[in-house]
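The values are calculated or read from the model by the stated rules, or taken from the named source; none is laboratory data. In this text the structure is predicted, and so the values were computed from the model without any measurement. Neighbour counts run over all protein chains shown; Cβ positions are idealised from the backbone, glycine included. The area values use the complete protein model at the heavy-atom level, side chains included, leaving out ligands, DNA and RNA. Shrake-Rupley method; radii C 1.70, N 1.55, O 1.52, S 1.80 Å.
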Amino acid sequence: MEESNGFSYPGLYEIVFMKAEKFINTVLNWGRSNSLWPLTFGTSCCAIEMMTFGATKVDSDRLGVLFTGDSPRQSDLILVSGTITKKMARRLLNVYEQMPDPKYVIAVGACNVSGGLYHDSYNTIEGIDRIMPVDAFIPGCPPRPEEFLDAVRVLQKLIKENKSKAQKNGNIRQA
Amino acid sequence: MVTLDKLKSGFKGELEVLTEEPKLSIIRIKNKKLIKKVAWQIKEEFDILYALSVVDYTPVFELNYIFSNYRNADSLVLKVNIDEKDFSIDSITDTFNSANWEEREAYDLFGIKFNGHPDLRRILLPEDWPGHPLRKDFKVDDEIRNWTGLDLKF
């Protein structure tokens with residue numbers, strides 16, 4: 001059934017296929033968002049708060065963020081905490097490129113949001129969104145561990161709504 | 001100090017003693033070509049070079065070699081001036097091993113060439129960094145601030 005303006009209604013097969021695709025993607029995203037294994041990339045003081053985030057009081061495990069040994073090969077999420085200098089930026093990208101897709105990035109602290117204290121320095125990356133796609137930013141110098149929980153909640157919401165940077169850039173396998 | 005007396009008698013006219021105290025002496029040599037010989041003399045009493053600092057009094061740059069020893073923690077500061085016309089000095093790496101990285105740092109941040117250094121590369125900044133940032137004539141402009149040295153695809 002075709003109308004004059006080129007719009008066509010989907011047939012039965014397409015409806016079933018679209019519904020199934022949507023359903024499978026929902027299930028996949030549910031799984032991805034609830035098992036975010038982080039890779040810790042701590043270069044300075046924000047890393048101390050990141051340790052607290054993984055410890056008992058602010059329990060990251062209840063959100064599925066398990067600190068299971070630092071290897072980029074088994075991680076979904078990289079927590080970049082601490083000032084990134086221009087020399088370190090290459091090492092950071094080197095680690096980031098070893099992570100399997102889909103991969104998500106959380107920028108922790110003022111230095112990674114905008115350069116922070118060192119914003120007019122000659123040797124600081126003023127916000128890591130200049131060098132890699134960032135899903136969630138945590139401001140603060142350093143941020144409280146509770147704000148990590150908030151950032152993970154935001155990231156989970158983005159993944160469930162198919163809005164994370166990994167999905168937008170297309171380097172993620174859809175059903 | 002024994003070494004200081006030796007230096008004073010050995011380098012007459014070239015060496016100027018600014019401070020002479022039991023724990024800290026400060027000397028200055030006028031000719032930078034003597035640095036290797038002076039360092040060799042200093043090695044007799046002082047074991048380590050624990051800092052090399054550079055001060056930018058444009059057009060003259062002042063190098064401060066700070067020596068110490070393990071026996072009684074005496075210190076000796078050796079000052080040498082170099083000017084912008086001949087922006088190089090002999091390396092003392094073969095006398096004091098710790099001078100290796102100190103001189104690389106001075107090369108990295110001030111652009112001073114050390115003749116005879118075994119491995120004169122940048123130590124703190126990336127290899128392809130433009131300029132030497134601790135010099136007074138270095139300006140941090142937008143081009144420097146936006147420089148990453150990466151070609152990014154995302």
- Query: If B:Asp119 satisfies every condition in (1) open to solvent by less than 40 Å² (accessible area, probe 1.4 Å); (2) in contact with a Lys or Arg (Cβ under 9 Å, 6 or more places away or on another chain); (3) more than 14 Å from chain A (Cβ to nearest Cβ) but one, which is the exception?
  - Reply: (1)
- Message: Could you check segment A:33-59 and list, in sequence order, the residues that are over 22 Å from A:Tyr118 (Cα atoms) and crowded, with 22+ Cβ neighbours inside 10 Å?
- Response: A:Ser33, A:Pro38, A:Leu39, A:Phe53
- Message: Return the residues of segment A:136-148 that are over 23 Å from A:Leu92 (Cα atoms) and either open to solvent by less than 60 Å² (accessible area, probe 1.4 Å) or not in a helix (DSSP H, G or I) (or both); say none if nothing qualifies.
- Response: A:Arg144
- Of the residues that sit in segment A:120-135 and are in a loop (DSSP other than H, G, I, E, B) and among the β-branched types (Val, Ile, Thr), which one is farthest from the other protein chains (Cβ to nearest Cβ)? A:Val134
- Message: Quick check on this structure: which one of A:Thr68, A:Thr124 is within 18 Å of B:Leu150 (Cα to Cα), in contact with a helix residue (DSSP H, G or I) (Cβ under 8 Å, 6 or more places away or on another chain) and not aromatic (Phe, Trp, Tyr)?
- Response: A:Thr124
- Matching residues, segment A:86-101, being assigned to a loop (DSSP other than H, G, I, E, B) and open to solvent by 20 Å² or more (accessible area, probe 1.4 Å): A:Pro100, A:Asp101
- Note on the structure: Within segment B:141-154, residues farther than 18 Å from A:Ile84 by Cα and at the interface with chain A (Cβ under 9 Å from one of its Cβ atoms) come out as B:Phe154
- Query: For segment A:107-124, does any single residue satisfy the condition of being at pLDDT 90 or above, under 11 Å from the mean Cα position of the chain (by Cα) and under 18 Å from A:Trp30 (Cβ atoms)?
  - Reply: no
- Query: Pick from segment B:122-154 the residues that are among the hydrophobic types (A, V, I, L, M, F, W, C) and farther than 30 Å from B:Ser98 by Cα: which of them is most open to solvent (accessible area, probe 1.4 Å)?
  - Reply: B:Phe154
- Query: Are any residues in segment B:44-55 more than 17 Å from B:Trp101 (Cβ to Cβ) and within 16 Å of the chain's Cα centre (by Cα), and if so, which ones?
  - Reply: B:Val55
- Query: within 14 Å of chain B (Cβ to nearest Cβ), open to solvent by less than 30 Å² (accessible area, probe 1.4 Å) and in contact with a Phe, Trp or Tyr (Cβ under 9 Å, 6 or more places away or on another chain): does that describe A:Ala166?
  - Reply: yes
- Item | Qualifying residue in segment A:2-14 (condition: farther than 18 Å from A:Lys165 by Cα and either surrounded by 12 or more Cβ atoms within 10 Å (Cβ to Cβ) or of a type in the set (Lys, Arg) (or both)) | no
- Message: Restricting to segment B:89-116, count the residues that are within 11 Å of the chain's Cα centre (by Cα) and either in contact (Cβ under 8 Å) with a residue 60 or more places away in the chain or loosely packed, with under 12 Cβ neighbours inside 10 Å (or both).
- Response: 0
- Query: From the list A:Asp70, A:Asp76, which residue is at pLDDT below 85, open to solvent by 30 Å² or more (accessible area, probe 1.4 Å), at negative phi and of a type outside the set (Ser, Thr, Tyr)?
  - Reply: A:Asp70
